[in-house]
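What follows is one structure encoded as structure tokens, with my remarks underneath.
The values are calculated or read from the model by the stated rules, or taken from the named source; none is laboratory data. A quick note: this is a predicted structure, and the numbers were derived from the prediction, not measured. Using ideal geometry, Cβ is built from the backbone for each residue, glycine included, and neighbour counts are taken over all protein chains shown.
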Amino acid sequence: ATVASRLIARQGVTLESLPADSEIEFRNVRPFGRWEDVKLDFLIAGFARSGTHSVRGNLMEHPEVKIAEEELTFNWGYLPMQSQVRNYANEFRDEPQGFGRRLWGGKGEGVAFNPRILRLATRITGLRLVVMVREPVEWLESLYNLRRFECMVKGDCAYVPTLEDVILHGATFEDVDAEAAMLSHSLQRVVEYFPPSQGRLLLLEFELLKTRPREAFDRLTAFLGVKPFPPDYQFLKHATEDRQRYEGMGQRISLCSEPLRHALAVLRDRLSRNNEYTKLTQLLAQAGSPWVSSRLLLNRTHCD
């Protein structure tokens, strides 16, 4: 009603001056918000199956950090709805604001794949991104196994192709796509929108998190500007239950197995022609990483 009154008033007419038999149409008008209204200090923006859950889970134990409970996909329009901004803000409604408050963060592991959201997210004042990077062959295999298992449990996937079909014939389902294994394509856009030189981006390798977690989290806390974890803190692995379940059921598909050797060779050739490992190494170095795994440096997969 307020919106209708304002529109009428702009035409020089008031509700009181309208004839008694006048008809007024009220329409549902959804107010817009702004990306600048979002208050978020950092986002774990990708990639799935690369340690994002472990980063989030351990940061939830840090006294200087508050992590949103829900996945922050930010799949909003150019102008977000005020309701979307409010729903997001509810994640931190109990948090004190002002000087000395905790850092606000979240996980949205699909954001790094979406150039539109990346571009819009640059409008969030002071937002920094953390992106976890995994060797591409192992990443695709791990993502395929998880999504296949989820489809099997939920029973809501119309079609689940074989991993061989995904690699050799371009089959896709859920977010599984062999083309996405060219992680450097997405990372180049991340670096463009969140330049490491401006302190807005941290790239961390999954191998570092897996083999030297203390060093990985020291880099992360330094990037966020919070105290390092105590010397006696035991870093935990998170979101490993599904993998343990499908492995226990004999449902794990391995590209290292003999039946999939041809698919592995095709994928490796594709990655090689794209200079994928070199590009990932260069992007990690550009982002200031002092450590790059031998896998990326020597073009090796988990099957070597």
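Within region 210-237, can you find the residues that are surrounded by fewer than 15 Cβ atoms within 10 Å (Cβ to Cβ), farther than 24 Å from Ser294 by Cα and under 19 Å from the mean Cα position of the chain (by Cα)?
Within region 210-237, no residue meets the criteria.
Go through (1) farther than 30 Å from Met182 by Cα; (2) in contact with an Asp or Glu (Cβ under 8 Å, 6 or more places away or on another chain); (3) hydroxyl-bearing (Ser, Thr, Tyr) one by one and return the number of the condition Tyr88 breaks.
Condition not satisfied by Tyr88: (2).
Here is a list: Pro96, Pro63, Pro31, Pro80. Which entry is at pLDDT 95 or above and over 16 Å from the mean Cα position of the chain (by Cα)? Full working, then the answer.
Numbers: Pro96 fails: at pLDDT 95 or above; Pro31 fails: at pLDDT 95 or above; Pro80 fails: at pLDDT 95 or above.
Only one candidate passes the filter, namely Pro63.
Mind checking which residues of region 234-254 are in contact with a Phe, Trp or Tyr (Cβ under 9 Å, 6 or more places away or on another chain) and in contact (Cβ under 8 Å) with a residue 12 or more places away in the chain?
Once the filter is applied, which keeps residues that are in contact with a Phe, Trp or Tyr (Cβ under 9 Å, 6 or more places away or on another chain) and in contact (Cβ under 8 Å) with a residue 12 or more places away in the chain, region 234-254 yields Phe235, Asp242, Arg243, Arg245, Tyr246, Gln251, Arg252, Ile253.
Within region 61-70, work out how many residues are of a type outside the set (Lys, Arg) and surrounded by 14 or more Cβ atoms within 10 Å (Cβ to Cβ).
Of the residues in region 61-70, 5 are of a type outside the set (Lys, Arg) and surrounded by 14 or more Cβ atoms within 10 Å (Cβ to Cβ).
Looking at Val160, Val55, which is the one that is in contact with a strand residue (DSSP E or B) (Cβ under 8 Å, 6 or more places away or on another chain), under 30 Å from Gly33 (Cβ atoms) and touching a residue at least 12 places away in the same chain (Cβ under 8 Å)? Can you show your working first?
On the way: Val160 fails: under 30 Å from Gly33 (Cβ atoms).
That would be Val55, the only listed residue that is in contact with a strand residue (DSSP E or B) (Cβ under 8 Å, 6 or more places away or on another chain), under 30 Å from Gly33 (Cβ atoms) and touching a residue at least 12 places away in the same chain (Cβ under 8 Å).
Within region 171-202, how many residues are of a type outside the set (D, E, K, R) and more than 19 Å from Asn275 (Cα to Cα)? Outline the logic, then answer.
Initial filter on region 171-202 (of a type outside the set (D, E, K, R)): 171-173, 176, 178, 180-188, 190-191, 193-199, 201-202.
Now narrow it down to the ones that are more than 19 Å from Asn275 (Cα to Cα): 171-173, 176, 193-199, 201-202.
Counting residues in region 171-202 that are of a type outside the set (D, E, K, R) and more than 19 Å from Asn275 (Cα to Cα) gives 13.
For region 193-208, indicate whether the set of residues that are assigned to a loop (DSSP other than H, G, I, E, B), under 23 Å from the mean Cα position of the chain (by Cα) and surrounded by 19 or more Cβ atoms within 10 Å (Cβ to Cβ) is non-empty.
We begin by selecting, within region 193-208, every residue assigned to a loop (DSSP other than H, G, I, E, B); these are 194-195, 199-200.
With under 23 Å from the mean Cα position of the chain (by Cα) added as a condition, the list becomes 194-195, 199-200.
From the residues that got through so far, the ones that are surrounded by 19 or more Cβ atoms within 10 Å (Cβ to Cβ) too are 194.
For region 193-208, residues assigned to a loop (DSSP other than H, G, I, E, B), under 23 Å from the mean Cα position of the chain (by Cα) and surrounded by 19 or more Cβ atoms within 10 Å (Cβ to Cβ): present.
Please find, within region 91-144, the residue that is farthest from Thr278 (Cα to Cα) out of those that are among the small types (Gly, Ala, Ser) and free of Cβ contacts under 8 Å to residues at least 60 places away in the same chain.
Taking region 91-144 first, the residues among the small types (Gly, Ala, Ser) are 98, 100, 105-106, 108, 110, 112, 121, 126, 142.
Then keep just the ones that are free of Cβ contacts under 8 Å to residues at least 60 places away in the same chain; that gives 98, 100.
Values: Gly98: 43, Gly100: 42 Å.
Restricting to residues being among the small types (Gly, Ala, Ser) and free of Cβ contacts under 8 Å to residues at least 60 places away in the same chain, the top hit is Gly98.
Just the residues that are closer than 18 Å to Thr52 by Cβ and of a type in the set (S, T, N, Q), please, taken from region 185-221.
Once the filter is applied, which keeps residues that are closer than 18 Å to Thr52 by Cβ and of a type in the set (S, T, N, Q), region 185-221 yields Ser186, Thr211, Thr221.
Taking interchain pairs and intrachain pairs at least six residues apart, which have beta carbon atoms under 8 angstrom, with the first residue in region 69-81 and under 18 Å from His53 (Cα atoms) and the second surrounded by 14 or more Cβ atoms within 10 Å (Cβ to Cβ) and of a type in the set (Ser, Thr, Tyr)?
Leu72/Tyr88
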